[in-house]
Amino acid sequence: TADSNTSAARPSASATSATTSLGRCSKPADSDPRYTLVREEPFIHTYPLVPHLEALPRRLVEVDTDPETVSASCHDGPMDDDFLKSMGFPASWEETYDLLDDDKLKSLARNERFDHLLVYADPSGASVCMFETSEGFSTETFTVSGHERVPAEVWQVWPGTAEVNVLDEQGELITRVLAFVDDPHMYPWYPLKDVGEPARFDGYRMGAIAVDVAVFDTVDAWRESQTPIITAGAPVHDPVAGLPDEMFLGPTFVTSPWLFALYSGDETADNASPISIFKAVCERVETVTNALTGQQWYRIDADCGFPVTVALPLGITPTPREGSVIDGKAFLTGTTGFWTDLA
């Protein structure tokens, strides 16, 4: 286990960006992330209301996997920081940063991978991570965690951004997504042309920070707002027995468009963002308080195809409750719980 401190001095303002760029980020001058990927393409895994979706022709499945349209603000520069309000932080990263007194931070001792690594782990389940690698790359990441745990295999495509292979209890792959992590020292970082063994965890904590979502009272209310995928009469070359005439993409579904862009070679690892298409059914809703600001937010145990903890701003309507559906865009996050479990 790496040595750590319960408090540490923050990097200077020049070492930490004034706005958090979650789409693009600077890269070490001597690093070239433009690699040819040799691994299999990520896939969309779907659940009961969308059986056998992977067997349908791609043109029947109207899922926008273009990161330019899913997250244009992330792609072209620093994005709107309103997502921070989902965790009870100020909407402005500058305001959030100003609240992070040194005595509130935990740190990792300087090592061959990181010049500094500082984390504010709020008791409510939200965290802010600030780090600089030994190569000079610095950024901030954010995570949210709660009760939910999943088996997972994790490796970083770029420091602070990881590919997470979410597994079922038998160790079979459920889905593959990109996620921000607040503990980058816990995972290997591989160039895309030479991916090695991932880190493996039995009780990994997946999260989703709402960016632009709608809440529906029930699955039926959600379904009424959707346009179904019509399969009746479609020229399916490999028909699946029992395929219904129409299906819905959800209400449990998640996919990371930037992951597709990475695997296709359209984007590079330094640009990758975990902004994702996200649909989930609420199973447990709590109102928690951010200890740094005193602001409340919704921490929700939900099912997006796997167990996940969702952060929603308190003022969202309708009020989420058990059985509600969350649908929209969210940042996916992952953490081992290193900081919250630290004595």
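The values are calculated or read from the model by the stated rules, or taken from the named source; none is laboratory data. In this text the structure is predicted, and so the values were computed from the model without any measurement. Backbone-built Cβ (ideal geometry, glycine too); neighbour counts: all protein chains shown.
List of remarks:
- Residue that is farthest from Thr287 (Cα to Cα), among those in segment 82-98 that are out of contact with any strand residue (DSSP E or B) (no Cβ under 9 Å at 6 or more places or on another chain) and part of a loop (DSSP other than H, G, I, E, B): Ser92
- Meets criteria (among the polar types (S, T, N, Q) and free of Cβ contacts under 8 Å to residues at least 40 places away in the same chain) for Ser107: no
- Of the residues examined, Ser92 is not one that is at pLDDT 90 or above and among the small types (Gly, Ala, Ser).
- Set Leu167, Leu173, Leu117: member being buried (at least 20 other Cβ atoms within 10 Å of the Cβ) and over 17 Å from the mean Cα position of the chain (by Cα): Leu117
- Applying the condition of being over 18 Å from the mean Cα position of the chain (by Cα), of a type in the set (Ser, Thr, Tyr) and surrounded by 14 or more Cβ atoms within 10 Å (Cβ to Cβ) to segment 177-234 and asking which residue is nearest to Asp266 (Cα to Cα) yields Tyr190.
- Each residue in segment 315-330 was checked for being within 12 Å of Ala210 (Cβ to Cβ), modelled with pLDDT of 95 or more and not β-branched (Val, Ile, Thr), and 5 pass.
- Any chance Val285 is surrounded by fewer than 24 Cβ atoms within 10 Å (Cβ to Cβ), among the β-branched types (Val, Ile, Thr) and assigned to a strand (DSSP E or B): yes
- For segment 88-114, taking the residues that are among the polar types (S, T, N, Q) and surrounded by fewer than 20 Cβ atoms within 10 Å (Cβ to Cβ), the one that is farthest from Val288 (Cα to Cα) is identified as Asn111.
- Pro257 meets all of the listed conditions (1) within 18 Å of the chain's Cα centre (by Cα); (2) under 29 Å from Lys85 (Cβ atoms); (3) at pLDDT 95 or above; (4) not hydrophobic (A, V, I, L, M, F, W, C) but one, namely (3).
- Filter pass, Leu262 being surrounded by 19 or more Cβ atoms within 10 Å (Cβ to Cβ), at pLDDT below 95 and either closer than 21 Å to Thr141 by Cα or touching a Pro at 6+ places or on another chain (Cβ under 7 Å) (or both): yes
- Scanning segment 243-282 for residues being part of a loop (DSSP other than H, G, I, E, B) and not aromatic (Phe, Trp, Tyr) gives a total of 15.
- Restricting attention to segment 299-329, the residues that are surrounded by 19 or more Cβ atoms within 10 Å (Cβ to Cβ), over 16 Å from Val166 (Cα atoms) and either of a type in the set (S, T, N, Q) or touching a Pro at 6+ places or on another chain (Cβ under 9 Å) (or both) add up to 7.
- 3 or more residues out of contact with any Ser or Thr (no Cβ under 7 Å at 6 or more places or on another chain) and under 25 Å from Ala302 (Cβ atoms): qualifying strands (runs of 3 or more DSSP E) within segment 99-216: 150-158, 161-167, 173-181, 199-216
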